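Asker: First the structure, then my questions, so here it is.
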Amino acid sequence: MNVVIPIRPLETLQGRARPRHTPKGRQVQPQARARVEALCAGLAPRADLLIEHLHRLQDGERALRQGHLAALAERLRLSQVEVFEVASFYHHFEIVDDDTPVPATVVRVCTSLSCAMAGAEPLLADLQQALAGDDSVRAQEAPCIGQCHVAPAACVGKRQLPHASVAAVQDLLARGETQPRQLPAPAPSGLVQLRRLLAGEVSGEQVLAQLKASNLRGLGGAGFPAWRKWETVRAQPGPRHMVVNIDEGEVGTFKDWQVLSSAQAGAPQMLEGLLIAAQVVGVDRVWIYLRDEYHDVRELLSRELQRLDATLLMLAAAHPGYTPPVVELRRGAGAYICGEESALIESVEGKRGLPRLKPPIVAVQGVFGRPTLAHNPETLWWIPTILEKGGEWLAGQGRRERNGLRRFSVSGRVKKPGVHLAPAGITLRELVDEFAGGMADGHELYAWLPGGASGGILPASLADVPLDFDTLFEHGSFIGSMAVVVMSRHDTARDAALNLMRFFEHESCGQCTPCRSGTTKAVQLMQAGVWDAPLLGELSQVMRDASICGLGQAAPNPVDSVLRFFAHEVDGKGVA
């Protein structure tokens, strides 16, 4: 039997369901609409530019006001929920009511491992006490800001402050110096190798052959062969895209900042490498994603990109058929997870930085669903040098049958912390003695981190193991981004591991339960005088097996390292 559902005329519904004459959510006030339009002038009203719009509002108002978020949703034709969920995801955005007063300046004091070893926590406490009662400034703790070599470090407004102290912070505030530092102008590159490629002096196949000969690997942490990335993306149907990952948030890592801020062959050489990669792979759009803490580098890159535009116009005129890629500089907003390439791509698209499930990999389906080449800036920086000197030259630079040179970010208890260019396969002892000036006076090597927060903690007895991408696996560790933090007998591995786990807890995106809840539970368990080793071991295994991305999978490494190499610190026996 067929059932007929009658459709009643609209007039019979009157009095029961009235049509809505206003959009859902907070109503947009004219003054809020005008303020948003003024602050966002010049920005295209596109959804993928949501985070750039949020930065304009945050910079202009020193916070994100609820009424302005409603007006922004209207401008971008997004729901207010979409705008709010993105704004609330990133640490550098502060959402407040329309009439809430906010400080003119926020001082962020890094409390991650290298800065904690240099006294960041008492510095923060002293600074908060000194600034108490001054509503124009607020001091708060922050995760690693990429200045580990000048610990303790702080960021006063947008100005990074090395070797921070209460007096130094107060001095900057008194002088109103809260804008980015002025970095020295880099020497122009001349784009010599790009010109050779465009002139036909070297072909794309020859460039790939030199990459293979050099054994250049991705230098952001994973160490994937660069040539294989290029060939994979190149084989996909166009259009193809590229992202440059400068969201350098790993604790102890600052090498990319040093590469880009260098006056000698810095940002211009990286940009030339980018253009060569784009030409060989067939990329038409590039997004450079820079962490928000690097305000000084952002201004430098903005100037270099403007200068590059004029040069590329001349190259396009001189070489018919050459179409330079469109390059956009995007600004992160304080989310370590965006160092994971698929989370970074989500952020580029104007969304929360949530890692994607794989497959598909980003080389097949990346930005806006297109094949995407993802690279670290240092990897791109090496390309012009490889074409100038040959791939075999770079491959021949290592020690102990390893290939290439590595930039190690060295911080902690050494005389000369900083970025040191050293041969692949060097040992920690050699790195400290030959490049970092030896251990600091009064300090004896006790423990060390080979790859930042994710790479684990190793004892001094392993200081003679070669350092490269696959040499530390048997010790439950890896070199990652080559962030080396050196600890002495003034430090304990358990305190370092707790500091690192608190970092992971703070930076977990919250998408998957093993990471979100696992990091919080680990922090609780690690504060006990005697660790529950079996329970921590089970928790570690669950996080490794079930977390979506590398953050949750690597977060247990410091815990496992302590239980393996420093059990005397946490088993209640106290015998090394």
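The values are calculated or read from the model by the stated rules, or taken from the named source; none is laboratory data. Note that the structure is a prediction, hence the values are computed from the model and not measured. Because the Cβ atoms are built from the backbone with ideal geometry, glycine has one as well, and the counts that use them run over all protein chains shown. These accessible areas exclude ligands, DNA and RNA; they are computed on the full protein's heavy atoms, side chains included. Shrake-Rupley method; radii C 1.70, N 1.55, O 1.52, S 1.80 Å.
Asker: Can you report the principal axis dimensions of the chain using only the alpha carbons, biggest first, rounded to whole angstrom?
Answerer: 85, 72, 65
Asker: Taking θ = phi - 60°, what integer Hz values does the Karplus form 6.51 cos²θ - 1.76 cosθ + 1.60 yield along the range 419-427, in sequence order, with x for Gly and Pro?
Answerer: Per-residue couplings from phi come out as 8, 10, 7, 9, x, 4, x, 5, 9 Hz.
Asker: Under the 0.36 nm per residue contour assumption, what length would be gained going from the current alpha-carbon distance of K416 and D441 to full extension?
Answerer: Values: separation 25, 0.36 × 25 = 9.00 nm, distance 1.14 nm.
Length gained between K416 and D441: 7.9 nm.
Asker: Over all alpha-carbon pairs of the range 323-425, lay out the pair-distance distribution in 5 Å bins, whole %, shortest bin first.
Answerer: P(r) over the range 323-425, rounded to whole percents: 3, 10, 13, 16, 14, 15, 17, 10, 3, 0.
Asker: Only residues of the range 360-387 count here: report those whose backbone N is under 17 Å from the spot 7 Å along Cα→Cβ of L315, or say none.
Answerer: 380-387
Asker: Based solely on C-alpha atoms, express the radius of gyration and the Dmax of the range 371-432 in angstrom.
Answerer: In Å, with Rg to one decimal and Dmax whole: 13.8, 45.
Asker: Additional query: If you restrict to DSSP beta bridges whose two residues both lie in the chain, what percentage is antiparallel, to the nearest 5?
Answerer: Values: 21 of 51 bridges.
In the chain, approximately 40 percent of DSSP beta bridges are antiparallel ones.
Asker: So what are the range 411-472's ellipsoid semi-axes, whole angstrom, largest first, if each one is the square root of 5 times an eigenvalue of the alpha-carbon gyration tensor? Present the calculation step by step, with values, prior to reporting the outcome.
Answerer: On the way: eigenvalues 60, 37, 24 Å².
In descending order, the three semi-axes are 17, 14, 11 Å.
Asker: Rounded to the nearest percent, how much of the accessible area of the range 479-530 (1.4 Å probe, protein heavy atoms only) is carbon and sulfur? Walk me through the intermediate numbers first.
Answerer: Details: 900 of 1880 Å².
It is 48 percent, rounded to a whole number.
Asker: Suppose we look only past 16 Å in the calculated P(r) of the range 332-385. What percent of the Cα-Cα pairs does that tail hold? Display every interim value, and only then the final one.
Answerer: Numbers: 622 of 1431 pairs.
Considering the range 332-385, 43 percent of its Cα-Cα pairs are separated by more than 16 Å.
Asker: Right, here's the next one. Return the long-range amide H neighbours of T427 (sequence gap of 5 or more, or a different chain), with a cut-off of under 5 Å between placed amide H atoms.
Answerer: L467
Asker: Moving to a separate point now. Give, in nm to one decimal, the length gained when the segment between Y322 and A41 is fully stretched (0.36 nm per residue of separation minus the Cα-Cα distance).
Answerer: On the way: separation 281, 0.36 × 281 = 101.16 nm, distance 3.20 nm.
Fully extending the segment from Y322 to A41 adds 98.0 nm.
Asker: Another question, if that's okay. Which GluC sites (Glu not before Pro) does the range 154-221 hold that lie in a coil by DSSP with at most 15 other beta carbons within 10 Å? It would help to have the intermediate numbers written out before the result.
Answerer: On the way: sites: E177, E201, E205; in loops: E177, E201.
Loop-located and lightly packed - E177, E201.
Asker: Averaged over all directions, how much area does the convex hull of the C-alpha atoms of the range 287-345 cover when projected, in nm²? Walk me through the numbers before you get to the answer.
Answerer: On the way: hull surface 18.7 nm².
Reported value for the Cα convex hull: 4.7 nm².
Asker: Output the Kirkwood hydrodynamic radius of the range 89-175, Cα pairs only, in Å rounded to one decimal. Could you put the intermediate results ahead of the total?
Answerer: Values: mean 1/r = 0.0756 Å⁻¹.
Mean inverse Cα-Cα distance, inverted, gives 13.2 Å.
Asker: Further question: What's the Kirkwood radius of the range 25-72 in Å, using all Cα pairs?
Answerer: Values: mean 1/r = 0.0940 Å⁻¹.
Answer for the range 25-72: a Kirkwood hydrodynamic radius of 10.6 Å.
Asker: Next question, about the same structure. Provide, as a two-decimal number, the C-alpha radius of gyration of the range 487-541 over 2.2 N^0.38 Å, N being how many residues it has. Could you put the intermediate results ahead of the total?
Answerer: Working: Rg = 11.9 Å, N = 55, 2.2 N^0.38 = 10.1 Å.
Normalised Rg, Cα atoms only: 1.18.
Asker: Going from the alpha-carbon gyration tensor of the range 22-181, what semi-axes, largest first and in whole Å, does one get by taking the root of 5 times each eigenvalue? Let's see the in-between values first.
Answerer: Working: eigenvalues 229, 50, 37 Å².
Gyration-tensor ellipsoid for the range 22-181: 34, 16, 14 Å.
Asker: If r is the Cβ-Cβ distance from D470 to Q31 and R0 is 41 Å, what FRET efficiency results, to the nearest 0.05? If you can, show how the numbers build up before the last one.
Answerer: On the way: r = 59 Å, r/R0 = 1.45.
Once rounded, the FRET efficiency stands at 0.10.
Asker: What are the extents of the Cα atoms of the range 211-322 along their three principal axes, in Å, largest first?
Answerer: Extents along the principal axes, in whole Å: 43, 32, 25.
Asker: With every atom except the alpha carbons ignored, what do you get for Rg and Dmax of the range 531-576, in angstroms?
Answerer: Spelled out, the Cα radius of gyration and Dmax of the range 531-576 are 11.7, 38 Å.
Asker: Here's something else I'd like to know. Suppose we take every Cα in the range 24-119 and form the convex hull; what volume per residue is that in Å³? Show your work: numbers first, answer last.
Answerer: Working: hull volume 11.4 nm³, N = 96.
Each residue corresponds to 118 Å³ of Cα convex hull volume.
Asker: Moving on. Given a 1.4 angstrom probe, what's the average accessible area per residue across the chain, in square angstrom? Before the final figure, lay out each step's value.
Answerer: On the way: 24440 Å² over 576 residues.
With all protein chains present, the chain gives 42 Å² per residue.
Asker: Once each part is reduced to its C-alpha centroid, what is the distance from the range 156-218 to the range 359-438 in angstrom?
Answerer: Computed from Cα coordinates, the inter-centre distance equals 15 Å.
Asker: Let me ask another. Please list, short to long, the whole-number percent of alpha-carbon pairs of the range 439-546 in consecutive 10 angstrom bins beginning at zero.
Answerer: Whole-percent P(r) values from 0 Å outward: 14, 40, 37, 9, 1.
Asker: Please work out the Cα convex hull volume for the range 471-518 and give it in Å³ per residue.
Answerer: Details: hull volume 5.9 nm³, N = 48.
Measuring per residue, one finds 123 Å³ for the Cα hull of the range 471-518.
Asker: R0 = 30 Å: FRET efficiency of E299 with A546, Cβ-based, nearest 0.05?
Answerer: On the way: r = 42 Å, r/R0 = 1.39.
Using R0 = 30 Å, I get an efficiency of 0.10.
Asker: F368 to A528: extension gain in nm, 0.36 nm per residue of separation minus the Cα-Cα distance?
Answerer: Values: separation 160, 0.36 × 160 = 57.60 nm, distance 4.64 nm.
Gain on extension, F368 to A528, equals 53.0 nm.
Asker: Could you check the simple spin-label distance between E538 and T492, using points 7 Å along Cα→Cβ, in nm with one decimal?
Answerer: 2.6
Asker: Quick one: if you stick a label point 7 Å off each Cα along the C-beta vector at R429 and E177, how many nm between them?
Answerer: A separation of 4.3 nm, rounded to one decimal place.
Asker: Per DSSP helix of 4 or more residues, -39500 (n - 2.57); summed, then divided by the residues of the chain. What does that give at 222 nm, rounded to the nearest 500?
Answerer: Helix-only estimate at 222 nm: -11500 deg cm²/dmol.
Asker: Still on this structure, please answer the following. What are the extents of the Cα atoms of the range 184-238 along their three principal axes, listed from largest to smallest and rounded to whole Å?
Answerer: Its Cα atoms span 32, 31, 26 Å along the three principal axes.
Asker: Strictly under 4.7 angstrom between C-beta atoms: which cysteines of the chain have no such partner?
Answerer: Those would be C40, C144, C148, C155, C338, C509, C512, C515, C549, since no other cysteine Cβ in the chain comes under 4.7 Å of theirs.
Asker: In square nanometres, what is the average projected area of the Cα convex hull of the range 228-269?
Answerer: Numbers: hull surface 17.7 nm².
Orientation-averaged projected area of the Cα hull: 4.4 nm².
Asker: Report, in cubic angstrom per residue, the convex hull volume of the C-alpha atoms of the range 163-213. Numbers along the way, then the final one.
Answerer: On the way: hull volume 7.9 nm³, N = 51.
Hull volume over Cα atoms, normalised by residue count, gives 154 Å³.
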